[in-house]
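Undergrad: Input: one structure, supplied below.
The values are calculated or read from the model by the stated rules, or taken from the named source; none is laboratory data. Since we're looking at a predicted model, the values are computed, not measured. Here Cβ is always computed from backbone atoms with ideal geometry, including for glycine, and neighbour counts include all displayed protein chains. What goes into the accessible areas is simple: the full protein's heavy atoms, side chains included, and nothing from ligands, DNA or RNA. Shrake-Rupley method; radii C 1.70, N 1.55, O 1.52, S 1.80 Å.
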Amino acid sequence: AQSVTQLGSHVSVSEGALVLLRCNYSSSVPPYLFWYVQYPNQGLQLLLKYTSAATLVKGINGFEAEFKKSETSFHLTKPSAHMSDAAEYFCAVRGYNTDKLIFGTGTRLQVFP
Amino acid sequence: GAVVSQHPSWVICKSGTSVKIECRSLDFQATTMFWYRQFPKQSLMLMATSNEGSKATYEQGVEKDKFLINHASLTLSTLTVTSAHPEDSSFYICSAESPPGNQPQHFGDGTRLSIL
């Protein structure tokens, strides 16, 4: 069965600092991996996805994530945080034979001026 | 890009009322839609998978008679919370998968349901 673990329920960074949000997955088959962002009282917006093509995936708003099979990780990074990046971020996994998404518990990103 | 519209965005009603939430795919046909529930400061919990023209598939622990799902067309799925009670208060989010298969799910903006 697939699952994802997001380390750190809260991450705080200063504006302009590096953002690193951690996600580790568990899957018996090569997974599809996703990062979504949720702003207060809104649905989820897709940031980026990994579907077994390039291991370094670039997404919207300057975010990117690297798929590392040896570490079963798919961490989300952004070189320079912006105040507007403050939100809840969810990592999700989907296996090849299912259309269900399994979400991590989420990481709340705070950005301080 | 693919857009999913969810309506209403906010509902407040009395205990015992039934509430219908609509989820529409605006610029694509979605044979599969998903309904999630999210409690404050928690992750999304999949409630059911809605398939056009057939019965929904509910996750374990989700009451079928409580949460009625109808997916009558390729662009519309509805979730009806029947005889709602305060414990049903939550944030409900739908999503749809754009064709072809194995594409990312696109999410609606959610419905905040408050039962008094």
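Undergrad: Can you list residue pairs whose Cβ atoms sit under 9 Å apart, with the first residue in region B:9-22 being in contact (Cβ under 8 Å) with a residue 60 or more places away in the chain and the second being open to solvent by 70 Å² or more (accessible area, probe 1.4 Å) and among the basic types (Lys, Arg)? Count only pairs 6 or more apart in sequence or on different chains.
TA: That search, which allows pairs on different chains as well, returns B:Ser9/B:Arg112; B:Trp10/B:Arg112; B:Val11/B:Arg112; B:Ile12/B:Arg112.
Undergrad: Name the one entry in B:Thr32, B:Thr111, B:Thr82, B:Thr78 that is hydroxyl-bearing (Ser, Thr, Tyr), under 25 Å from A:Thr51 (Cα atoms), surrounded by 14 or more Cβ atoms within 10 Å (Cβ to Cβ) and under 14 Å from the mean Cα position of the chain (by Cα).
TA: Among B:Thr32, B:Thr111, B:Thr82, B:Thr78, only B:Thr32 is hydroxyl-bearing (Ser, Thr, Tyr), under 25 Å from A:Thr51 (Cα atoms), surrounded by 14 or more Cβ atoms within 10 Å (Cβ to Cβ) and under 14 Å from the mean Cα position of the chain (by Cα).
Undergrad: Condition test on A:Val19, is it touching a Phe, Trp or Tyr at 6+ places or on another chain (Cβ under 7 Å) and either under 24 Å from B:Thr49 (Cα atoms) or of a type in the set (A, V, I, L, M) (or both)? Steps first, please.
TA: Working: touching a Phe, Trp or Tyr at 6+ places or on another chain (Cβ under 7 Å): no; either under 24 Å from B:Thr49 (Cα atoms) or of a type in the set (A, V, I, L, M) (or both): yes.
No, not satisfied.
Undergrad: Same structure again: How many of the residues in region B:85-108 are surrounded by 17 or more Cβ atoms within 10 Å (Cβ to Cβ), closer than 21 Å to B:Cys13 by Cβ, in contact (Cβ under 8 Å) with a residue 40 or more places away in the chain and of a type outside the set (A, V, I, L, M)?
TA: Number satisfying all stated conditions: 5.
Undergrad: How many residues are surrounded by 14 or more Cβ atoms within 10 Å (Cβ to Cβ) and either over 19 Å from B:Thr17 (Cβ atoms) or in contact with a Phe, Trp or Tyr (Cβ under 8 Å, 6 or more places away or on another chain) (or both) when one looks only at region B:60-75?
TA: 6
Undergrad: I need the full set of residues from region A:11-49 which are at pLDDT below 90 and more than 10 Å from chain B (Cβ to nearest Cβ), in order please.
TA: Within region A:11-49, the subset at pLDDT below 90 is A:26-32, A:40-43.
Scanning region A:11-49 gives A:Ser26, A:Ser27, A:Ser28, A:Val29, A:Pro30, A:Pro31, A:Pro40.
Undergrad: Keeping to region A:21-59, report how many residues are closer than 21 Å to A:Thr98 by Cα, open to solvent by 60 Å² or more (accessible area, probe 1.4 Å) and not in a strand (DSSP E or B).
TA: Residues in region A:21-59 being closer than 21 Å to A:Thr98 by Cα, open to solvent by 60 Å² or more (accessible area, probe 1.4 Å) and not in a strand (DSSP E or B): 4 in total.
Undergrad: What strands (runs of 3 or more DSSP E), lying completely within region B:1-96, carry at least 1 residues that are acidic (Asp, Glu)? First the steps, then the outcome.
TA: Values: elements: B:4-7, B:10-13, B:19-25, B:32-38, B:44-51, B:67-73, B:76-81.
Qualifying strands (runs of 3 or more DSSP E): B:19-25.
Undergrad: Of the residues that sit in region A:74-113 and are basic (Lys, Arg) and in a strand (DSSP E or B), which one is farthest from the other protein chains (Cβ to nearest Cβ)? Outline the logic, then answer.
TA: From region A:74-113, those basic (Lys, Arg) are A:78, A:94, A:100, A:108; that's our starting set.
Those still in the list that are in a strand (DSSP E or B) too: A:78, A:94, A:108.
Working: A:Lys78: 19, A:Arg94: 8, A:Arg108: 8 Å.
Among those that are basic (Lys, Arg) and in a strand (DSSP E or B), it is A:Lys78.
Undergrad: Evaluate the following for A:Ala54: is it more than 21 Å from B:Glu97 (Cα to Cα) and at pLDDT below 95?
TA: Yes.
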